[in-house]
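Novice: Next up is a structure, given as structure tokens.
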Amino acid sequence: MTSLAVANPGSLIQSVDWVAIAPPLIAAVAALAVLLTDLFLPERHRKWLGRLAAAGLALALIALLPLTGGSPRATFCVQNVAGGSGNAGCSYVADHFALVFQLLALGGALIAALLSAHTVEEEKLPGGEYWFLLLSSATGAALLPASRDLATMVIALEVASLPAFALVALRRDGRGAEAALKFFVSSVTATAVMLLGVGFVYAASGSLHLGAVAQGLEHAPGQLKPLAEAGAVLTLVGFAFKVAAVPFHFWVPDTYIGAPLPVAGYLSVVGKAAGLSGLALATTIAFRPYAHTWGLALAVLAAVTMTVGNVGALRQRFDTRYSAVRLLAWSSVGQAGYLLVPLAAAGYAPTGVDPLGATAAYALIYGVVNLGAFGVVAAVGRRAGTSVDDFRGLFARRRWTALALAFFLLCLAGLPPGVIGLFGKVVVFRAAVDAGLGWLAVVMAANVVVALYYYLLWTTRLFAPAPGAEEGAAPGAAPVGEAGAEGRLPATLTATLGLTASVAVVLSFAPQLVLQVAGGSLF
């Protein structure tokens, strides 16, 4: 009789740290709950699905609190894996890096859910499918920053991406299907390239755990070095696509236009956060032996991305249909360039210096103000349109909405009173200078000046006289506030604008709440 016993049976059994995995797990359970509830809920009560989704995301955010104190928590670990830390053999690590990006992913998804409540109802989107897909994508986006092996990272990236394709396609006016097809084809191509790269890296290093990959690449035989370098480049392609870095940005404008506006805002923040976290983990941990190589590559990528994004926004006509969404799309490409600067600096930073905090801090700032801007576009688009010229005279019609958008745009531009945007850009700029990338800091400064033009031009539209306004009309004669001639905004939309504007104002008065992330190590 053959014995099936193993030498150490206890090594095959491990306890799962449920507290560590609670944030993405709660989002996943909420997704299944929404899907099952949709089967039995009467049509007249379908709006409760959105409330259930928002509650699930809020609970996932609350689940981050027990993880904020003490040392990082890890689970799904194997023994005898070489690496740079005691968690080298773990596939899931809830450290400071993971918590910051999980906050961004789940918080951004919650704001997108609040924005979506009126969109699902007014555009008659299938509620059960919509909320299930949004929660599923948020689950993948929250899982990715805590992943510490390449297999888990690829799975998390696909869990974040695949539902996003369907979310874009839910719009039934013809544009949604076309936008989803462009998004899908380009993303699948990038994923295929990334999987090929992961295979090369595994062949050269003999492991999928990020710390072990770094050691394997460092001691790889000479004949395997070309294979390892090619694998590293191909692996980064998939993450660069999610970040919308040039030349993997071409899907952004058309996809944002074709998608429901809350989905476009979600992709611009949560989708970007997922790709950015994966890019940071792959470069700074797994491909650490090639730091100067990918540091230079990311520096060039950052310079080209911010330049192409800002030039694209600069060339955008304000009188064309959907020009406001297109402008935000090109702006998000330019902002992606700024987000890549500290990642590039990490390749040149001396030991003990961690520029990734600057990326995390700027991503948090960008997430709040960009989702707020999409919220205002959604509010104005309900009754007017989504060209920039439709915002002319908005202050006379909706005073607080106009002030909120002006503040968001000034934050994105980095101008007072949007102080938090200014501090965010200074932190990113300093990361480049401290790493010796003076030329990249100069390129960034030039792009910030270029971006001022279109942000300020849109801002001035808000306070210009409305088209057709009667000469001699008393200032304020037009309806003001939120109950003017265009009717009241839905409660969820009002709450979203109030929430994002309040957070942006608070951060402008107390920027240390976010910028302290840039001061210490995230790992």
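Novice: At a 1.4 Å probe radius, carbon and sulfur cover how many percent of the accessible area of region 68-220?
Specialist: Working: 3510 of 5540 Å².
Of all accessible area on region 68-220, carbon and sulfur atoms account for 63 percent.
Novice: If you count, for each residue, the other Cβ atoms within 10 Å and average over each peptide, how do 114-121, 191-198 line up from highest to lowest? Could you put the intermediate results ahead of the total?
Specialist: Working: 114-121: 24.4, 191-198: 18.9.
Packing order, densest peptide first, comes out as 114-121, 191-198.
Novice: Further, regarding this structure: Any idea what angle helix 356-381 forms with the longest principal axis of the chain, computed on alpha-carbon atoms, 0 to 90 degrees, nearest 10?
Specialist: 30 degrees
Novice: Quick one: order E129, E158 from most to least accessible surface, probe 1.4 Å. Write down the numbers at each step before the final one.
Specialist: Numbers: E129 90, E158 40 Å².
Result, largest first: E129, E158.
Novice: Then there is this: Please list 448-455, 218-225 highest first by mean number of surrounding beta-carbon atoms within 10 Å per residue. Display every interim value, and only then the final one.
Specialist: Working: 448-455: 18.1, 218-225: 12.0.
Those peptides, ordered most packed to least, come out 448-455, 218-225.
Novice: What's the magnitude of the charge dipole for the chain around its Cα centre, counting Lys and Arg as +1 and Asp and Glu as -1 at the beta-carbon? Answer in Debye, nearest 20.
Specialist: The calculated dipole for the chain is roughly 560 debye.
Novice: Pulled fully out, how much extra length does the chain show between E178 and L196, if you take 0.36 nm times their separation in residues and subtract their Cα-Cα distance?
Specialist: 3.7 nm
Novice: On a 28 Å Cα-Cα criterion, which of the cross-link pairs K124/K182; K47/K242; K182/K225 come out too long?
Specialist: Over 28 Å Cα-Cα: K47/K242; K182/K225.
Novice: Between K47 and I155, 0.36 nm times their residue separation minus their Cα-Cα distance comes to what?
Specialist: On the way: separation 108, 0.36 × 108 = 38.88 nm, distance 3.11 nm.
Value of the extension gain: 35.8 nm.
Novice: When only C-alpha pairs under 8 Å and at least 6 residues apart count, what is the relative contact order of region 228-304, in percent?
Specialist: Working: 39 pairs, mean separation 28.9, N = 77.
RCO, region 228-304: 38 percent.
Novice: Looking at the square roots a ≥ b ≥ c of the eigenvalues of the Cα gyration tensor of the chain, which shape do they give, rounded for a/c under 1.5, prolate if a/b is larger than b/c, or oblate?
Specialist: In terms of gyration-tensor shape, prolate.
Novice: Next up: Report relative contact order for region 220-352 in percent, whole number only (criteria: Cα-Cα under 8 Å, sequence separation at least 6).
Specialist: It rounds to 31 percent for region 220-352.
Novice: Could you compute how much accessible surface W439 exposes when probed at 1.4 Å, giving the result in Å² to the nearest 10?
Specialist: That residue has around 110 Å² of solvent-accessible surface.
Novice: Rounded to a whole number of µm²/s, how large is the Stokes-Einstein D of region 301-427 at 10 °C and 1.306 mPa s, given Rh as the Kirkwood radius over C-alpha pairs?
Specialist: Estimated via Stokes-Einstein, D reaches 102 µm²/s.
Novice: Ranked from highest to lowest mean number of other Cβ atoms within 10 Å per residue, what is the order of the peptides 341-347, 139-145? Before the final figure, lay out the partial values.
Specialist: Values: 341-347: 27.3, 139-145: 30.0.
Result, highest mean first: 139-145, 341-347.
Novice: Using Cα pairs closer than 8 Å and at least 6 residues apart in sequence, work out the relative contact order for the chain, in percent.
Specialist: Working: 929 pairs, mean separation 71.1, N = 523.
In percent, rounded to a whole number, it is 14.
Novice: For the chain, list the cysteines whose Cβ sits under 4.7 Å from no other cysteine Cβ?
Specialist: Result for the chain is C411, no neighbouring Cys Cβ within the cutoff.
Novice: Please give the helix 175-205 orientation as an angle from the longest Cα principal axis of the chain, in degrees from 0 to 90, rounded to the nearest 10.
Specialist: The helix 175-205 is inclined about 20 degrees to the chain.
Novice: Could you give the angle, 0 to 90 degrees to the nearest 10, between helix 438-463's Cα long axis and the longest principal axis of the Cα atoms of the chain?
Specialist: Taking the Cα atoms of the chain, the angle to 438-463 is about 30 degrees.
Novice: Considering all projection directions equally, how large on average is the shadow of the alpha-carbon convex hull of region 193-250, in square nanometres?
Specialist: 4.0 nm²
The values are calculated or read from the model by the stated rules, or taken from the named source; none is laboratory data. In this text the structure is predicted, and so the values were computed from the model without any measurement. So basically every Cβ, Gly included, is an ideal-geometry build from the backbone, and we count neighbours across all protein chains shown. Only protein heavy atoms, including side chains, enter the accessible area calculation; ligands, DNA and RNA are left aside. Shrake-Rupley method; radii C 1.70, N 1.55, O 1.52, S 1.80 Å.
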